[in-house]
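Working notes, structure below.
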Amino acid sequence: QVQPVESGGGSVQAGGSLRLSCAASGILLRINTVGWYRQAPGKERELVADINSGGNRNYVDSVKGRFTVSRDNAKNTVTLQMNSLKTDDTAVYYCKIGTSSGYWGQGTQVTVSS
């Protein structure tokens, strides 16, 4: 069974950085679209960034220039480098592998304090 596992969440002050990682066994991330989503309290889950099998990346406008999604084929991981974090970035971040229903991780908490 495919189960993405996120790591790297935590607490940081505004302006700081965090790096999230998504790993999974039983599936090759390089041939799938892998997305990072987030859900803040009282808000709907939103797509933050994704990378497809061709290496094309998409970002939600609010993180452009601050977040970078990348893939390490050798390690079969996808990372989300988050710089210049803002309090509005506070949320649970989820990794999703595949399109349509896909495979979802359990999420990792990111808390940005002022």
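Tabulated results
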| read-out | value |
| --- | --- |
| Among G55, G42, G98, residue whose mean-square fluctuation peaks in a GNM of the chain (springs only between Cα atoms under 10 Å) | G42 |
| Net charge, T79 excluded, C-beta distance under 13 Å - Lys, Arg +1, Asp, Glu -1 | +1 |
| Bridge type composition, the chain - antiparallel percent by DSSP, nearest 5 | 90 percent |
| Distance between modelled label sites at Q106 and A74, nm, 7 Å Cα→Cβ extension | 2.9 nm |
| Within straight-line cross-link reach of K75, lysines at Cα separation under 28 Å, skipping those fewer than 8 residues along the same chain | K64, K96 |
| Whole-Å distance, taken between Cα centres, linking region 1-41 and region 77-114 | 5 Å |
| The chain, accessible surface, carbon-and-sulfur percent (1.4 angstrom probe) | 44 percent |
| Cα Rg, Dmax, region 1-54, angstrom units | 13.3, 38 |
| Extended-chain gain in nm, criterion 0.36 nm per residue less alpha-carbon gap, E44 and Q1 | 12.8 nm |
| Full-stretch length increase - S25, N56 - with 0.36 nm per residue and alpha-carbon distance subtracted | 8.9 nm |
| Accessible surface, the chain, averaged per residue in Å² (probe 1.4 Å) | 53 Å² |
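The values are calculated or read from the model by the stated rules, or taken from the named source; none is laboratory data. Not measured: the values here are computed from a predicted model. Positions of Cβ are backbone-derived with ideal geometry, glycine not excepted, and every protein chain shown enters the neighbour counts. We work out accessible area using only protein heavy atoms, side chains counted, and drop any ligands, DNA or RNA first. Shrake-Rupley method; radii C 1.70, N 1.55, O 1.52, S 1.80 Å.
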